[in-house]
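Structure first, then comments.
Just so it is clear, none of the values below were taken in a lab; they were calculated from the coordinates. Keep in mind the model is a prediction, meaning the values are calculated, not measured. Don't worry about glycine lacking a Cβ; one is built from the backbone with ideal geometry, like all the others, and counts go over all protein chains shown.
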Amino acid sequence: TIKDNYVVNGWGTQVDITELRQTQQALLRAEQERTAELERINSELRQALDQLAESEHRYRTLFELSNEGIYRFKYEPPVPVSAPIEDALERVYRDFRYAEVNTTFVRQYSLENPDQIIGKPFTDFWVKGSEIGLETARKIIENGHQLRNALSEEIDIHGKRRYLLWNVVSDVRDGYVWGGWGMQTDITDLRETQQALL
């Protein structure tokens, strides 16, 4: 009530906003903590990506500078580990594809560019009916899809016979062979010299 331009009495309401204020402050703190956590995660992710890029660079350098023919292969579709040997051999011949090769590998087949090999089956480069090739493939399967210093008989783009020493390790997961890695050394000159001496 106002009397003579003065407030003499009145009514009012009051609401306790202590809980609301505390909730707002808790939300603000939680948001600040979340922002700090996201910044930390983002920083760790950037660091991991930098390390991955550095590792990829080192891998690519080693891959390309090697005097060994290096390749990565895949099976489309993957080969069941439980397949009988003859079935596995058929699948290897049919489903093996080169996925990645280095420059040395390309030169071992008298080619110029990895694109001439990527996606191709290895049967494009094996001597058809070669007992050496068949025996090597069989040994790889029998040895858990890996083998060291195995002799392979192959052909280059000109049809010239090449002899290579293979090292193969496969990516075996969940009961299937998905692909793997191989390294090979061209021993054609050595082999031809040995045969000439016999």
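Note the angle between two axes, namely the Cα long axis of helix 18-65 and the longest principal axis of the Cα atoms of the chain, as a number of degrees from 0 to 90, rounded to the nearest 10.
20 degrees
Return, ordered by residue number, the residues of region 124-139 whose backbone nitrogen is under 14 Å from a label point located 7 Å along Cα→Cβ of LYS160.
Output list for this probe position: empty.
Could you line up LYS74, LYS160, LYS120 from fewest to most neighbouring Cβ atoms inside 10 Å?
Fewest-to-most Cβ neighbours within 10 Å comes out as LYS160, LYS120, LYS74.
Hey, can you grab everything whose amide H is under 5 Å from the amide H of ILE117? Only 5+ residues off in sequence or another chain; H modelled, so Pro and N-termini drop out.
none
So what's the angle, to the nearest 10 degrees on a 0 to 90 scale, between helix 85-95 and the longest Cα principal axis of the chain?
Taking Cα atoms only, the helix is inclined about 70 degrees.
Tell me, in nm to one decimal, what length is gained between ASN42 and GLU68 on full extension, where the rule is 0.36 nm per residue of separation less the Cα-Cα distance?
5.4 nm
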